[in-house]
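The values are calculated or read from the model by the stated rules, or taken from the named source; none is laboratory data. None of these values were measured; they are calculated from a predicted model. Counting neighbours? That spans all protein chains shown, and the Cβs are built from the backbone with ideal geometry, glycine included.
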Ligand SMILES: NC(=O)c1ccc[n+]([C@@H]2O[C@H](COP(=O)([O-])OP(=O)(O)OC[C@H]3O[C@@H](n4cnc5c(N)ncnc54)[C@H](OP(=O)(O)O)[C@@H]3O)[C@@H](O)[C@H]2O)c1
């Protein structure tokens, strides 16, 4: 039977294109719904007209999850610590397949698992393992896609595409896997329709559009824009120090900002082989194609 899907965090950076992809593939699903706080539900009025439902309520209330097979969480950093509570409520509501808010690096890699920026993703994964043990039949999917191609050349990584400068905390030879956001959401929607491996509770979907060093990424950007960048690599220890100062001040947003700056340029966003790209019926956009679409001469 066609699955029913509930999306949490649908109005965010990933949520908007994900909902647009679900609209394209609506016929493959019995129900597609957005879970929204009643105070913010007005954001989804236009989407509702296209046949996407809006469930108004709290992601902590099991009743909101009743009648759905699959839940996709797109919790942003501020919300991520509450994912274990969402999982509890989802299971109590009868959900048997959960997509936690991953959509990035393979956090299982050495030096990444203990990195502050990923702390709440780690806690969520631990909770999913325990939930699967306690509830036979419960399954979860981790979408591992690397950095979004649109974001790797952006402010977050210290890249200014207008001034043609890079001031990043990292190293020229740091490796990064990248996938365009359009492809990330397409892989996510189509993954729901792939058979889940027998006898497993955890499934990883490992995909990427390209894999380069940070220096090569900047070279692609230079080629596409036809300009030379002024590039300076800064010591990630400086970012770590600012992160720690923010933690001591109790400024969590600033702490996460500094924790995030070295993520891409210091090699922490990678999806190592093997990959699952060939399980899908389309080919990923390359980094050059994405950057040409965004910044190429018209
Ligand atoms: N690999 C990459 O390069 C990359 C880049 C960006 C994001 N990501 C990942 O993608 C996932 C989603 O990130 P995102 O950027 O889409 O997140 P986001 O835009 O920051 O937030 C997503 C949604 O979370 C809800 N939300 C946020 N703060 C809230 C609060 N305080 N109270 C209640 N709801 C709140 C909102 O839901 P409503 O819309 O329902 O109001 C919001 O739209 C994360 O796992 C993130 O790490 C990866």
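Checked against the criterion of being in contact (Cβ under 8 Å) with a residue 40 or more places away in the chain, in a loop (DSSP other than H, G, I, E, B) and closer than 19 Å to residue 184 by Cβ, region 245-264 has at least one qualifying residue.
The requirement of being outside any helix (DSSP H, G or I), closer than 26 Å to residue 189 by Cβ and modelled with pLDDT of 95 or more is fulfilled nowhere in region 115-134; no residue meets it. Somewhere in region 37-54, is a residue closer than 24 Å to residue 142 by Cα and either away from the ligand (no atom under 15 Å from the Cβ) or loosely packed, with under 14 Cβ neighbours inside 10 Å (or both)? Checking region 37-54: not a single residue is closer than 24 Å to residue 142 by Cα and either away from the ligand (no atom under 15 Å from the Cβ) or loosely packed, with under 14 Cβ neighbours inside 10 Å (or both). Determine if region 155-170 includes at least one residue that is over 15 Å from residue 282 (Cβ atoms), assigned to a helix (DSSP H, G or I) and out of contact with any helix residue (DSSP H, G or I) (no Cβ under 9 Å at 6 or more places or on another chain). Among the residues of region 155-170, at least one is over 15 Å from residue 282 (Cβ atoms), assigned to a helix (DSSP H, G or I) and out of contact with any helix residue (DSSP H, G or I) (no Cβ under 9 Å at 6 or more places or on another chain), which makes the answer yes.
Within region 181-190, at least one residue is in contact with a strand residue (DSSP E or B) (Cβ under 6 Å, 6 or more places away or on another chain) and over 26 Å from residue 237 (Cβ atoms). Here the condition is being modelled with pLDDT under 95 and either within 15 Å of the ligand (Cβ to nearest atom) or under 30 Å from residue 242 (Cα atoms) (or both); of 159, 178, 184, 152, it holds for 152 alone. Residues of region 187-196 that are part of a loop (DSSP other than H, G, I, E, B) and surrounded by 11 or more Cβ atoms within 10 Å (Cβ to Cβ): 193, 194, 196. Taken over region 77-118, the criterion of being closer than 17 Å to residue 266 by Cβ, more than 10 Å from the ligand (Cβ to nearest atom) and out of contact with any strand residue (DSSP E or B) (no Cβ under 6 Å at 6 or more places or on another chain) is satisfied by 107, 109, 110, 111, 112, 113, 114, 115, 116. State yes or no: is residue 137 assigned to a loop (DSSP other than H, G, I, E, B), away from the ligand (no atom under 16 Å from the Cβ) and over 29 Å from residue 211 (Cα atoms)? Spelling it out, residue 137 is indeed assigned to a loop (DSSP other than H, G, I, E, B), away from the ligand (no atom under 16 Å from the Cβ) and over 29 Å from residue 211 (Cα atoms).
Just give me the residues in region 4-35 being assigned to a helix (DSSP H, G or I) and either within 18 Å of residue 148 (Cβ to Cβ) or within 17 Å of the chain's Cα centre (by Cα) (or both), in sequence order.
Of everything in region 4-35, those that are assigned to a helix (DSSP H, G or I) and either within 18 Å of residue 148 (Cβ to Cβ) or within 17 Å of the chain's Cα centre (by Cα) (or both) turn out to be 15, 16, 17, 18, 19, 20, 21, 22.
Being surrounded by fewer than 18 Cβ atoms within 10 Å (Cβ to Cβ), away from the ligand (no atom under 14 Å from the Cβ) and at pLDDT 95 or above is a property that holds for residue 23. Answer with yes or no whether residue 281 is farther than 15 Å from residue 177 by Cα and in a loop (DSSP other than H, G, I, E, B). The answer is yes for residue 281. In region 1-23, the residues that are free of Cβ contacts under 8 Å to residues at least 60 places away in the same chain form Cβ pairs under 9 Å with partners that are more than 13 Å from the ligand (Cβ to nearest atom) and part of a helix (DSSP H, G or I), at six or more places apart or across chains, as follows: 2/27; 2/28. Checking each residue of region 26-36 against the condition of being in contact (Cβ under 8 Å) with a residue 60 or more places away in the chain, out of contact with any strand residue (DSSP E or B) (no Cβ under 8 Å at 6 or more places or on another chain) and closer than 21 Å to residue 188 by Cα gives at least one match. Applying a threshold of 6 Å to beta carbon distances and a minimum spacing of six or more residues, or different chains, the list of pairs starting in region 144-157 at a residue that is within 15 Å of residue 205 (Cβ to Cβ) and touching a residue at least 24 places away in the same chain (Cβ under 8 Å) and ending at one that is part of a helix (DSSP H, G or I) and within 8 Å of the ligand (Cβ to nearest atom) reads 145/184. Residues that are surrounded by fewer than 13 Cβ atoms within 10 Å (Cβ to Cβ) and either under 23 Å from residue 110 (Cα atoms) or out of contact with any helix residue (DSSP H, G or I) (no Cβ under 7 Å at 6 or more places or on another chain) (or both) occur at least once in region 260-274.
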